Amino acid sequence: MQALRFHAARDLRIEDIPRPAKPGPGQVVLRNRFVGICGTDLHEYSYGPIFIPTQPHPFTGASGVQVLGHEFGGVIEAVGDGVTSVSVGDRVAVQPLIMPRSGDYYAARGLYHLSDKLALAGLSWIGGGMAEAALLNDYNVERIPDEMSDEEAALVEPTAVAVYACDRGGVSAGSSVLITGAGPIGILTMLAARAAGATQLFISDLNDTRLEMARSILPGVVTLNPKRDKVDEAVRAASEGGVGCNIAIECVGNEHALKACLAAVRKQGVVVQTGLHPHENPLDWFQVTFKDVDIRGSWAYPTHLWPRVIRLISSGQLPASKVVTRRIRLAEAVSDGFEALLDPAGTQLKILIDLS
């Protein structure tokens, strides 16, 4: 079968590889339908290996050349012994985290995403979404309802990141929320915050094209460009009592964006760090103390979020498909997918690869 595999930075190859064998106990074979190109995939392509292991992974044993893609869905082709959660022919969304299910401190508490032995389909497993088929564990697939499209199934994973960020921030009815970064995760977080009941939304980005996209996706959102707007001042000026927003969610992994969150949030507000920072970044800890704020990390998502996120998307409450700006074929993945997303013009948000 055809697959897009990572060999090294700037070295992705479409290759013929064996189709997954018959699934073992507790496993399934999935015929992949759509897969999204994630920011993590872009980082691996540009600078990797980062999360792709160069030595055998402590849980999966995977290393070296990898089939990319962890935002995907498809149709169950085969099930192994003991699988009862799905059947052949079921359409599913993939929850790509792979980890010990027992004998692990965090697994015993249902916090599988915090396992020290965490692996990910499409980075540190035997397969991924950028191939015609994938072998997965039964806990990696969740059946989707008839009203959910195959494209939407591939958006459950990034939407789960956004929903969890809002959970960590405590977004609720009437919340005032600043989101820094109008990339796919930032805009999905904006939509997740609105679905959670936020009534005042601000989003900042250095790219006016993406800010325009944010306004078209969610009319009424206040867009700010730090090149010409003082983000914290604008948020405070528009907020109740002029004190700032309740919650600020950083979706860039940028020092200045994080500082803007701290400056814009009110006293006893919450700052959520979702973007991955490439290095240590300084923060004014006097202001953290003086403002009595909470600063919370948001790592991936609890795996039990999948049914909830599927309901949010399939019901239309969280229209995740609005972030999709292009659909391409696997043969075009590098030129029209990875390279297009790395274009500084930022005209693309989420690109899906159609594997049908």
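The values are calculated or read from the model by the stated rules, or taken from the named source; none is laboratory data. Note that the coordinates shown come from a computational prediction; the quantities given were computed from them, not determined experimentally. Cβ sites come from the backbone with ideal geometry, for glycine too, and all protein chains shown count toward neighbours. These area figures cover heavy atoms from the full protein model, side chains too; ligands, DNA and RNA do not enter into them. Shrake-Rupley method; radii C 1.70, N 1.55, O 1.52, S 1.80 Å.
Of note:
- Relative contact order of segment 232-356, pairs being alpha-carbon contacts under 8 Å that are 6 or more residues apart, as %: 17
- With all protein chains in place and ligands, DNA and RNA left out, the 1.4 Å accessible area ranks Phe59, Phe6 as Phe59, Phe6, largest first.
- Ile14, Ile76, reordered so the largest accessible area comes first (probe 1.4 Å): Ile14, Ile76
- Of all DSSP bridge pairs formed entirely within the chain, close to 55 percent run antiparallel.
- Overall form of segment 272-346 per C-alpha gyration tensor (a/c, 1.5; a/b vs b/c): oblate
- Heavy-atom accessible area per residue - the chain, 1.4 Å, Å²: 42
- Amide H contacts under 5 Å for Leu178, placed H, 5+ residues apart: Phe202, Ile247, Ala248, Ile249
- Within a straight-line Cα-Cα reach of under 15 Å, Lys267 can be paired with the following aspartates and glutamates, leaving aside sequence neighbours fewer than 8 residues apart in one chain: Asp232, Glu233, Glu240, Asp284, Asp292, Asp294.
- Percent carbon-and-sulfur accessible area, the chain, ignoring ligands, DNA and RNA, probe 1.4 Å: 50
- Cα centroid of segment 271-349 to Cα centroid of segment 43-98, whole Å: 20
- Value of relative contact order over the chain, rounded to a whole percent, pairs C-alpha under 8 Å and six or more apart: 18
- Rolling a 1.4 Å probe across all protein chains gives His57 an accessible area of roughly 30 Å².
- Ranked by how many other beta carbons lie within 10 Å on average, peptides 301-313, 105-117 from highest: 301-313, 105-117
- Tensor-based shape of segment 33-166 (alpha-carbon gyration tensor, a/c under 1.5 rounded, otherwise prolate or oblate): rounded
- Rounded to whole Hz, the Karplus (6.51, -1.76, 1.60) HN-Hα couplings of segment 8-21, x for glycine and proline: 6, 3, 6, 10, 9, 10, 8, 10, 8, 10, x, 5, x, 6
- Three-way shape label, segment 111-154, alpha-carbon gyration tensor, a/c 1.5: oblate
- Under 5 Å between amide hydrogens, built in the peptide plane, is the criterion, and for Ile295 it picks out Val271 among residues at least 5 positions away or on other chains.
- Given Lys117/Lys259; Lys230/Lys291; Lys259/Lys291; Lys259/Lys322, the pairs whose alpha carbons are separated by over 23 Å: Lys117/Lys259; Lys259/Lys322
- Helix-only [θ]222 nm of the chain, DSSP H runs n ≥ 4, -39500 (n - 2.57) each, per residue, nearest 500: -6500 deg cm²/dmol
- With a simple spin-label model that places each label point 7 Å from the Cα along the Cα-to-Cβ direction, the separation between Glu212 and Ala9 comes to 3.3 nm.
- Taking all protein chains together and a 1.4 Å probe, the residues Leu276, Leu318 rank Leu276, Leu318 from largest to smallest accessible area.
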